[in-house]
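Report on one structure; see the data block that follows.
No value in this document is a laboratory result; all are computed from the given coordinates. Computed from a predicted structure; not experimentally measured. Here Cβ is always computed from backbone atoms with ideal geometry, including for glycine, and neighbour counts include all displayed protein chains.
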Amino acid sequence: MATSMHLNLFIMGCGHHKAAWRHPSSAVERLGDISYYEALARTAERGKFDAVFFADGQAAGNVADGPLWFLEPLTTLAAMARATEHIGLISTISSTFYTPFHAARMLASLDHISRGRVGWNLVTSMFDSEARNHNYPAMPSHAERYSRAAEFADTMLALWDSWEEDALRCDRAGLFADPDKVQAITHQGEHFLVDGPLNIPRPPQGRPVLFQAGASEQGRDLAARYAEAIYAVAYDLDSAQAYYRDIQARVASCGRSPVAIMPGLVTYVASSEAEARVRQRELDVLLPTQDSLRQLSQFIGQDCSDWALDAPLPALPPLEEFTGPKGRYATILRIIDCEKPTLRELLGRLAAGGGHCTMIGTPEKIADEMQRWVEQGGADGFNLMPPALPSSIDDFVDQVVPVLQQRGLFRREYTGCTLREHLGLERPSAS
Ligand SMILES: Cc1cc2nc3c(=O)[nH]c(=O)nc-3n(C[C@H](O)[C@H](O)[C@H](O)COP(=O)(O)O)c2cc1C
C-alpha cells in the first residue's frame, strides 16, 4: 500500500549549493525583494507542499563567501502568508536569544495573519558570534542551552494556552473577552519569569506546530518531549532508519504518538541522469577551489591543495586513525566510499547539503528512492534543500511531484486549511 508523504521546502538564499549565488541566472540581486520569496512559496504551493521553512542565525557570518542571511524570517513569512492560501510557514526560533513572551506573541500574530499556517523550529543556536550580539560573551554551554530550551517550550505553550478557546466574546454591549477565560501563567523558573497572559488571543491552530532538529542526546530528548515534526540529517537509508527508530522510541517513552520525521534532501533532476549530472557540475565548477580545498584540508587533516581536481580521490586513512572532529570525517569517508567522486565532485557534495542525502537523476529514479525511504521506515517525508533557487525547486515541482502523485504517494490537492491539518496533527485544546 502506498504511504502518503510530507514535503517541505527549505528556502536558503539562492539555493543550498554554496556557489549557487555565483551562477549567471541566480537571483542574488533580489534577495531583499519580497516578490522573490513570494514566488518561491507559490511554486511550493503549486506543488502542494506542506510548508516552506526559513532557518535563521543571529550573526552576519563571512559576507565575502555568499549570502547567508538577508530578510528576517518572521517578517518575511508575514508577507508570504498574504501571497499564498494553503502552504504552511515555518521559521526557526532560537530559545537562547529570544524570550518566550516575545516569540509566543510574534508566532501567535503570524498564525492569525496566515489563518493557522505557522510552525516554528526550536533551536538552541551554535556560535559565539551570535552570542556576542545578544549580551553573552560566548555561547552558554550545551547543557545550559538545552535546559533553557525545555523551559522556553513549556512557557511558550503555556502562553498560547493562556487564552481559552472561547475567551473572545466581541459582545458590543458586554465583554470584549471573558476575563475568567484569560489567565495569568505566573511562570517562575530557572531561566524565565513570565506572568502572562499573552496579549494576543489564542492562535487559530491553538498552538503553532513545533519542529525540532537536534542531533545530540539532549537534542533528541528535547525533540521526543516537544516536537510535533522533526527535521533530520541522514546520508543514506541505513542512517535514516537508525535515526527514525531511535527518535520514535524516545517519543514513545514520553507517552506520545509517533511524530513526522523529514530528512533533508538535495536533488538534481533532469530527463536523463547524464543531464542531471551536468546540472550538478554547472554549480560545482563555480566553487572557488582554493577556499574549498583549504576547508577540505582542515576536515581531513591533510593538505589536499595540489591534488588533481578532476581525478578520483586518493585513499584516506580509516576513521579510527583520524584524530580531528570525527563526525564530518565519517561523512566524507562515506561519500567517497558510496559515490567514488572526483575531488571536484566531493567539494560540490560538501558545498550542497554536506551530510544530507543527495539524489541525482530522472524524476522516476528520484521518486523510486523517495518511495523506498518512506516505505522502509526511514522518513515520513522530506525537507527539500534545492541546490539552486528557483530552478531546482521548479524542476522538482514540475517533474518529480507528478510522479509521486501518480503513485498515490503525495496529495494532489490540499484537504485541510492549516499546517496542523496538512501534517495530520490534532488541534491541541488549552490544557
Ligand atoms: C534542517 C535543519 C535546520 C536547522 N536550522 C537551524 C537554524 O535555523 N538555526 C540554528 O541555529 N540551527 C539550526 N539547525 C541546527 C540544529 O537545530 C542543531 O543545533 C544541530 O543539529 C546540532 O544539534 P545538537 O545541538 O543537538 O548537537 C538546523 C538543523 C537542521 C537539520
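Structure notes:
- Amide H contacts of Gly119 (H built 1.01 Å from N, under 5 Å, at least 5 apart or other chain): Leu89, Ile90, Ser91, Val209
- Note on the chain: along the principal axes its Cα atoms extend 79, 51, 45 Å, ordered by decreasing extent.
- Most mobile of Thr415, Thr76, Thr323 in a GNM of the chain (Cα contacts under 10 Å): Thr323
- Alpha carbon centroid spacing (whole Å) that separates region 59-83 from region 159-230: 26
- Farthest positive-ward along the chain dipole, Cα basis, beta-carbon charges - from Ala143, Leu77, His16: Leu77
- Helix axis angle, 237-253 relative to the chain longest principal axis, alpha carbon, degrees: 20
- Sum of -39500 (n - 2.57) over DSSP H runs of 4+, divided by residues of the chain (222 nm, nearest 500): -11500 deg cm²/dmol
- Dipole magnitude for region 288-350: about 200 debye, using +1 per Lys or Arg Cβ and -1 per Asp or Glu Cβ, origin at the Cα centre.
- Ser25, Ser239, Ser95 arranged by Cβ crowding within 10 Å, fewest neighbours leading: Ser25, Ser239, Ser95
- Within the listed set Pro140, Pro318, Pro386, the residue fluctuating most in the Gaussian network model of the chain (springs between alpha-carbon atoms under 10 angstrom) is Pro318.
- Electrostatic dipole magnitude of region 24-85 [Cβ: Lys, Arg +1; Asp, Glu -1; Cα centre; debye, to 20]: 200
- The mean sequence separation of alpha-carbon pairs under 8 Å and at least six residues apart, normalised by the residue count of region 288-350, gives a relative contact order of 38 percent.
- Residues of type aspartates and glutamates that Lys18 reaches as a straight line, Cα spacing below 12 Å, ignoring anything fewer than 8 places off in the same chain: Asp65, Asp284, Asp291
- Karplus-derived HN-Hα couplings along region 383-394 (A = 6.51, B = -1.76, C = 1.60, θ = phi - 60°), whole Hz, x at Gly and Pro: 9, 5, 10, x, x, 10, 10, x, 4, 5, 7, 4
- Couplings 3J(HN,Hα) of region 152-165, computed from phi: 4, 4, 4, 5, 4, 5, 5, 5, 5, 7, 5, 9, 5, 3 Hz, in residue order, whole Hz [Karplus 6.51 cos²θ - 1.76 cosθ + 1.60, θ = phi - 60°; x for Gly and Pro].
- Integer Hz, Karplus 6.51/-1.76/1.60 couplings in order for region 116-124, x for Gly and Pro: x, 10, 9, x, 9, 9, 7, 10, 9
- For Lys48, a cut-off of 16 angstrom between C-alpha atoms picks up no lysines at all, skipping any fewer than 8 places away in its own chain.
- Among Asn383, His102, Pro203 the positive-end extreme of the charge dipole of the chain (Cβ point charges): Pro203
- Size of region 288-350: Rg and Dmax of its alpha carbons, in Å, are 10.7, 31.
- Furthest towards positive pole of dipole, Ile261, Met126, Tyr37, structure part the chain, Cβ charges: Tyr37
- This ranking places Leu210, Leu71 by how few other beta-carbon atoms lie within 10 Å of each, fewest first, which gives Leu71, Leu210.
- Neighbour-count ranking [beta-carbon atoms within 10 angstrom, fewest first] of Trp163, Trp69: Trp69, Trp163
- Sequence-separation-based contact order of the chain, relative, with Cα cut under 8 Å and 6+ spacing, percent: 23
- Dipole size of the chain about its Cα centre, with +1 on Lys/Arg Cβ and -1 on Asp/Glu Cβ: approximately 400 debye, rounded to the nearest 20.
- Between region 265-302 and region 363-427, the alpha-carbon center distance in angstrom: 24
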